[in-house]
Structures are given as C-alpha cells and as structure tokens.
Amino acid sequence: MSQPFLQLAIDVGNSRIKFVLLKTEVPAEESSPLPQVVHSISTLIDGTLPWEQIKAWFQGQQELLCQTVVAGSNPRGIARVVKNWPQGNLPVPIEVLNTDSFPLEICVAEPRKVGIDRLLNAVAANVLRKADQAAIIIDTGTATTVDVVASDGSFAGGAILPGFELSAKALNDYTALLPLIPVDDLHQTEPIVLGKNTTDAIRSGLFWGQLGAVRELVNQLQQQSLPNASQVHPLVLLTGGGSALLAPHLIEFVQFEPLLSLQGLALVAQKISGNQ
Ligand SMILES: Nc1ncnc2c1ncn2[C@@H]1O[C@H](COP(=O)(O)OP(=O)(O)OP(=O)(O)O)[C@@H](O)[C@H]1O
Ligand SMILES: CC(C)(CO)[C@@H](O)C(=O)NCCC(=O)O
Ligand SMILES: [K+]
C-alpha cells in the first residue's frame, strides 16, 4: 500500500491564520472524499507564527510531509507567512494567489474579485455534493458568507454580511454607550433572547441575529437562485471560525465541516502539483 499524501495547508483570513495538516489516502478512500484533518492550529492575524508546534506534529512520525500550500483572502498576511517561512525541512510553500488553477467555473460579474476563501469552499463542496445536487455554503469568519454552488458545479455568487466579532466591534466603535462584547462570551451559555441589560441585549442580537440572518439567506437563496433545480435538496454546508456556535441550531439541515476551505485548498494544491 502507498504512503498517504500529507499536506500542510495555510489559510490567511482577515482576523486569523489557520494551519492544518491534512492526509489523503492513496489510493483514495471511498469513505472520505475530502482530505482528512490530522492536526490544526490557528493564530491571530498578527500573532506569532506557530512553527514550533507545527514541527512537533512530525516528530516521531513515519509519514513524510509531501507539500505545503498557502492562500487566503488577506494578501498582506500571506506575504508575512511566506517571508517568515522557517528554516528546516518544511517544503517551500505553493502560493495560490488566483483561481487560474481552480477546477471551478465562476459565474459572477467579476470572477477575479471573488474572495479565494469562498471559491476554495466551492471546490470542496463539489467533492461532497451529489451529481446534479446544488450546494449552499455558510462560512462564518470575520465576514459571514452564504454562497451557492449550482447543480452543474459552478460558483454562482451569494451574500456577504458582518460576522460575530465584526458586528460586536462595530456596535462598540460606532456608538457612545455600547460596550465591546467578547465573542468568547457567546460560547459560555446560549444567550438569553430577552436581554434585561445592555450586555445581554447585545449578546442576544449578535447570536440570534446571526443565526436568523443565515437561516433567511439559505431560504432566500434556495428559492430565488435555485428555483428550477432538480427535486434534490441542496447540500447545505457550515464552516468557519464561528461555525461551532451556530452548528447546534442548524444541525437538522446542515453538514458541519469546520475546515472546508482548507480541505478545498489541499485539493487545489494536489491538482497544481499533478497529484490528483
Ligand atoms: N472562540 C472564537 N475564537 C475566534 N473566533 C471566533 C470564536 N468564536 C467565534 N469566532 C468568530 O470566528 C471569526 C474567525 O473566523 P475564521 O477563523 O474563519 O477566520 P477569519 O480570519 O476571521 O475569517 P476570514 O477567513 O473570513 O477572514 C471571528 O471573527 C469571530 O467572528
Ligand atoms: C468576503 C470575505 C471577506 C470573506 O472572507 C472574502 O472572501 C473577501 O475579501 N472577498 C472579496 C470580495 C468578494 O468575495 O466578492
Ligand atoms: K472565511
């Protein structure tokens, strides 16, 4: 049996950098159509790059790291990662800076302006959806995006709205009286709906508002952009840094894939290097 194909994929977003080690069995396993996550770590966008932790993933491992790849919606952040690439035996990264090598048709007015993270999600969704099934992808990052992959596999566009942290920050920045609510507060307990003080009222709005926005967008996109789709329901995928917060409330109709864009990035890198 051949060695699995191991990849380190790095997604540089607007607030965080995600470093993920992925494994693809060779020959491909039928049970796992996407590269499987072995390890992951994330840092704040200007934080120390976690090279020592990443190197520790390989200590005592028989399997060889085959490839590293970096992409994301934050060009300055990508440049910092590449400039600070560590000495040693991490392979030189493939930089995916545009979508020329993507196995994806992009059906929007200006394809080059679409964030690469949205398109990486679509590449991964194309591996998960059935033939003739459309997909809707909810990605809760700095911005939340709700995007459509048509049943022919093309990226069809979608919606962009502020994510949890950005919304919290905007309320604080643009008002005199509203405090900054840490996103971690939302993890503690499910926010009460009827806030009886300012903090609870903001928590309620951030949490239930984001949940409601996402539900409504899935509904609208399904009705308006997939009206004549086959009888098959679209595959609805949930991913991104804030997705664990929403997952318990959407689980009846979404598939939770917290690192979808990194799995899409690993697929694109395999294609670039001829390993797919
Ligand atoms: N405990 C948490 N730690 C960090 N982020 C969280 C947490 N809970 C929710 N979030 C949300 O996830 C977002 C981070 O998302 P993600 O990790 O996908 O990276 P990002 O760089 O912010 O996103 P993007 O790729 O969209 O630029 C935060 O802005 C926040 O809205
Ligand atoms: C929308 C975000 C911020 C989501 O991470 C990113 O994909 C981006 O910067 N996009 C560029 C604009 C666009 O996608 O149309
Ligand atoms: K994102």
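Among the residues of the stretch 126-145, those identified as out of contact with any helix residue (DSSP H, G or I) (no Cβ under 6 Å at 6 or more places or on another chain) and away from ligand 1 (no atom under 16 Å from the Cβ) are 126, 127, 128, 129, 130, 131, 132, 133, 134.
For the stretch 45-57, the criterion of being among the acidic types (Asp, Glu) and within 28 Å of residue 114 (Cα to Cα) is satisfied by at least one residue.
Can you tell me which residue in the stretch 86-101 is farthest from residue 56 (Cα to Cα), limited to those that are touching a strand residue (DSSP E or B) at 6+ places or on another chain (Cβ under 9 Å) and part of a loop (DSSP other than H, G, I, E, B)? Steps first, please.
Step one: of the stretch 86-101, the residues touching a strand residue (DSSP E or B) at 6+ places or on another chain (Cβ under 9 Å) are 89-97, 99.
Narrowing the set further to residues that are part of a loop (DSSP other than H, G, I, E, B) leaves 89-93, 96-97, 99.
Values: 89: 12, 90: 12, 91: 15, 92: 18, 93: 18, 96: 25, 97: 28, 99: 32 Å.
Among those that are touching a strand residue (DSSP E or B) at 6+ places or on another chain (Cβ under 9 Å) and part of a loop (DSSP other than H, G, I, E, B), it is 99.
Quick check on residue 199: is it assigned to a helix (DSSP H, G or I) and out of contact with any Asp or Glu (no Cβ under 6 Å at 6 or more places or on another chain)?
Numbers: assigned to a helix (DSSP H, G or I): yes; out of contact with any Asp or Glu (no Cβ under 6 Å at 6 or more places or on another chain): yes.
The answer is yes for residue 199.
Yes or no: residue 221 under 18 Å from the mean Cα position of the chain (by Cα), hydrophobic (A, V, I, L, M, F, W, C) and modelled with pLDDT of 95 or more? It is false that residue 221 is under 18 Å from the mean Cα position of the chain (by Cα), hydrophobic (A, V, I, L, M, F, W, C) and modelled with pLDDT of 95 or more. Taking the conditions exactly as written (modelled with pLDDT under 95 and near ligand 1 (Cβ under 10 Å from one of its atoms)), does residue 184 satisfy them or not? So residue 184 fits the description; yes.
Table: residues versus (1) more than 16 Å from ligand 3 (Cβ to nearest atom); (2) crowded, with 16+ Cβ neighbours inside 10 Å; (3) under 17 Å from residue 95 (Cβ atoms); (4) touching a residue at least 60 places away in the same chain (Cβ under 8 Å).
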| position | (1), (2), (3), (4) |
| --- | --- |
| 25 | yes, yes, no, no |
| 32 | yes, no, no, no |
| 43 | no, no, no, no |
| 47 | yes, no, no, no |
| 53 | yes, no, no, no |
| 62 | yes, no, no, no |
| 68 | yes, yes, yes, yes |
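I'm checking my understanding of the structure. Among residues of the stretch 221-276 that are of a type in the set (D, E, K, R) and part of a loop (DSSP other than H, G, I, E, B), which one is surrounded by the most Cβ atoms within 10 Å (Cβ to Cβ)? Even if it seems obvious, please write down each step before you answer.
Going through the stretch 221-276, the residues of a type in the set (D, E, K, R) turn out to be 252, 257, 271.
Retained after the next criterion (residues that are part of a loop (DSSP other than H, G, I, E, B)): 252, 257.
Details: 252: 5, 257: 21.
Going through the qualifying residues, I end up with 257.
Looking at 180, 194, 171, 186, just one residue is farther than 25 Å from residue 120 by Cα, away from ligand 3 (no atom under 16 Å from the Cβ), touching a Ser or Thr at 6+ places or on another chain (Cβ under 9 Å) and of a type in the set (A, V, I, L, M, F, W, C), and that residue is 194. If the condition is being farther than 16 Å from residue 234 by Cβ, more than 9 Å from ligand 3 (Cβ to nearest atom) and of a type in the set (Asp, Glu), then the stretch 107-146 contributes only 110.
Looking at the stretch 102-127, which of the residues that are among the charged types (D, E, K, R) and part of a loop (DSSP other than H, G, I, E, B) is surrounded by the fewest Cβ atoms within 10 Å (Cβ to Cβ)? Applying the filter and picking the extreme gives 110.
The values are calculated or read from the model by the stated rules, or taken from the named source; none is laboratory data. All values reported here derive from a predicted model rather than from experimental measurement. Note that we place each Cβ from the backbone using ideal geometry, even for glycine, and neighbour counts take in every protein chain shown.
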